[in-house]
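A.B. asks: One structure, as structure tokens, below. Some questions next.
The values are calculated or read from the model by the stated rules, or taken from the named source; none is laboratory data. Please read all numbers here as calculations on a predicted model, not as lab measurements. In this analysis, Cβ positions are derived from the backbone assuming ideal geometry, glycine residues included, and neighbour counts consider all displayed protein chains. Surface accessibility is based on the protein's heavy atoms, side chains included, excluding ligands, DNA and RNA. Shrake-Rupley method; radii C 1.70, N 1.55, O 1.52, S 1.80 Å.
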Amino acid sequence: MRKITSILLVFCLAPLVAFASGSDVKLDRAQIHASDKLSLQRGAQTFVNYCLSCHSAEYMRYNRLRDIGLTENQVSDNLIFTGQKVGELMTVAMKAKDAKQWLGVAPPDLSVIARSRGPDWLYTYLRKFYRDESTATGWNNLVFDKAAMPHVLYQLQGEQSLMVKNVDDGHGGTHEVKELKLDKPGTLSKTEYDAYVTDLVNFLVYLGEPAATKRVQLGIIVMLFLFAMLGLTYALKQEYWKDVH
């Protein structure tokens, strides 16, 4: 019995341990809206321009982008640069084996990354890159230390550096506080870059569950139908039993 209890505790506490061993950076809230089709379209454009060259989304077909208001011609003309057809999966030409040899680690598929990490994690991660000459890529990240991914959006955001301060903890000791300082501005302002990343994260959330909006709409319709049937059923019950005393 104790052995079974120990096994159950391991399975229950493992996610908490994994969370505790991760970054202690406070995550910023991603203000995404699954029904904002213009945001999703901008995010899709960013995804194919900056992400799809290394990261695949192999559980998504290009023609599913019709759900966010794009026609097949728009997808073909503006979002496919590899000669693939609209009905094909969003894959990359680089093989995982070659990627591991060239980059040290194969870039993960991003089909369900938002469901795995969460939109707030992605939103914060994409805004917390900083220069670090000790890494192979010359970049590091506050949220994911020693991240193998370089900052592909640095021309838009600019280049940040890490500042570590010792702050009084109020109990006679100190603790480290890590902050980022913008050394070289990018082509976008901070507000513009945050909005740019928001659109990308919104699209990544859509990738993880393309039918989410329709599912919610269908759920509302079903609930309204059930409430209507409840009223009719109650009225029918009253009619059948009105003469029973």
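A.B. asks: Would a scan of the range 40-49 turn up a residue that is open to solvent by 20 Å² or more (accessible area, probe 1.4 Å) and outside any helix (DSSP H, G or I)? So that I can check it myself, show each step before the final result.
C.D. replies: Initial filter on the range 40-49 (open to solvent by 20 Å² or more (accessible area, probe 1.4 Å)): 41-42, 45, 49.
From what is left, the residues that are outside any helix (DSSP H, G or I) are none.
Checked against the condition, which is being open to solvent by 20 Å² or more (accessible area, probe 1.4 Å) and outside any helix (DSSP H, G or I), the range 40-49 yields no hits at all.
A.B. asks: Mind telling me which of the residues 80, 68 ends up being in contact (Cβ under 8 Å) with a residue 60 or more places away in the chain and either over 23 Å from residue 146 (Cβ atoms) or within 17 Å of the chain's Cα centre (by Cα) (or both)?
C.D. replies: Working: 80 fails: in contact (Cβ under 8 Å) with a residue 60 or more places away in the chain.
Residue meeting the stated conditions: 68.
A.B. asks: Please determine whether any residue of the range 105-122 is farther than 23 Å from residue 25 by Cα and either surrounded by fewer than 12 Cβ atoms within 10 Å (Cβ to Cβ) or of a type in the set (Val, Ile, Thr) (or both).
C.D. replies: Yes - at least one qualifying residue is present in the range 105-122.
A.B. asks: Here's another thing I want to ask about it. Run down 242, 165, 178 and say which single residue is in contact (Cβ under 8 Å) with a residue 60 or more places away in the chain and not in a helix (DSSP H, G or I). Walk me through how you get there before you give the answer.
C.D. replies: Values: 242 fails: in contact (Cβ under 8 Å) with a residue 60 or more places away in the chain; 165 fails: in contact (Cβ under 8 Å) with a residue 60 or more places away in the chain.
On inspection, the qualifying residue turns out to be 178.
A.B. asks: What are the residues in the range 129-153 that are open to solvent by 80 Å² or more (accessible area, probe 1.4 Å), within 24 Å of the chain's Cα centre (by Cα) and free of Cβ contacts under 8 Å to residues at least 40 places away in the same chain, if any? Steps first, answer last, please.
C.D. replies: To start, the set of residues in the range 129-153 that are open to solvent by 80 Å² or more (accessible area, probe 1.4 Å) comprises 131, 133-134, 136, 144-146.
Now narrow it down to the ones that are within 24 Å of the chain's Cα centre (by Cα): 131, 144-146.
Listed by number, the list holds a single entry, 146.
A.B. asks: If you go through the range 134-148 one residue at a time, do you hit one that is assigned to a helix (DSSP H, G or I) and modelled with pLDDT of 95 or more? Show your work before the answer.
C.D. replies: Narrowing the range 134-148 to residues assigned to a helix (DSSP H, G or I): none.
Checked the range 134-148: no residue is assigned to a helix (DSSP H, G or I) and modelled with pLDDT of 95 or more.
A.B. asks: Of all residues being open to solvent by 40 Å² or more (accessible area, probe 1.4 Å) and part of a helix (DSSP H, G or I) in the range 200-218, which is modelled with the highest pLDDT? Just the residue, please. Full working, then the answer.
C.D. replies: Residues of the range 200-218 that are open to solvent by 40 Å² or more (accessible area, probe 1.4 Å), as a first pass: 205, 209, 211, 213-218.
Pick out the ones that are also part of a helix (DSSP H, G or I) and you get 205, 213-218.
Details: 205: 97, 213: 78, 214: 81, 215: 81, 216: 83, 217: 82, 218: 86.
Only one residue fits best here, namely 205.
This table checks each residue for (1) closer than 29 Å to residue 36 by Cα; (2) touching a Phe, Trp or Tyr at 6+ places or on another chain (Cβ under 9 Å); (3) surrounded by 12 or more Cβ atoms within 10 Å (Cβ to Cβ).
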site	(1), (2), (3)
156	yes, yes, yes
161	no, yes, yes
168	no, no, no
171	no, no, no
193	yes, no, yes
198	yes, yes, yes
220	yes, no, no
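A.B. asks: Still on this structure, I have one more. Give the number of residues within the range 58-76 that are assigned to a helix (DSSP H, G or I) and β-branched (Val, Ile, Thr).
C.D. replies: First pass over the range 58-76, keeping only residues assigned to a helix (DSSP H, G or I): 62-68, 72-76.
Cutting the leftovers down to β-branched (Val, Ile, Thr) gives us 68, 75.
Total satisfying the criteria: 2.
A.B. asks: Filter the range 77-99 down to residues that are open to solvent by 100 Å² or more (accessible area, probe 1.4 Å), part of a helix (DSSP H, G or I), modelled with pLDDT of 85 or more and not acidic (Asp, Glu), then give me how many there are.
C.D. replies: Residues meeting the conditions: 0.
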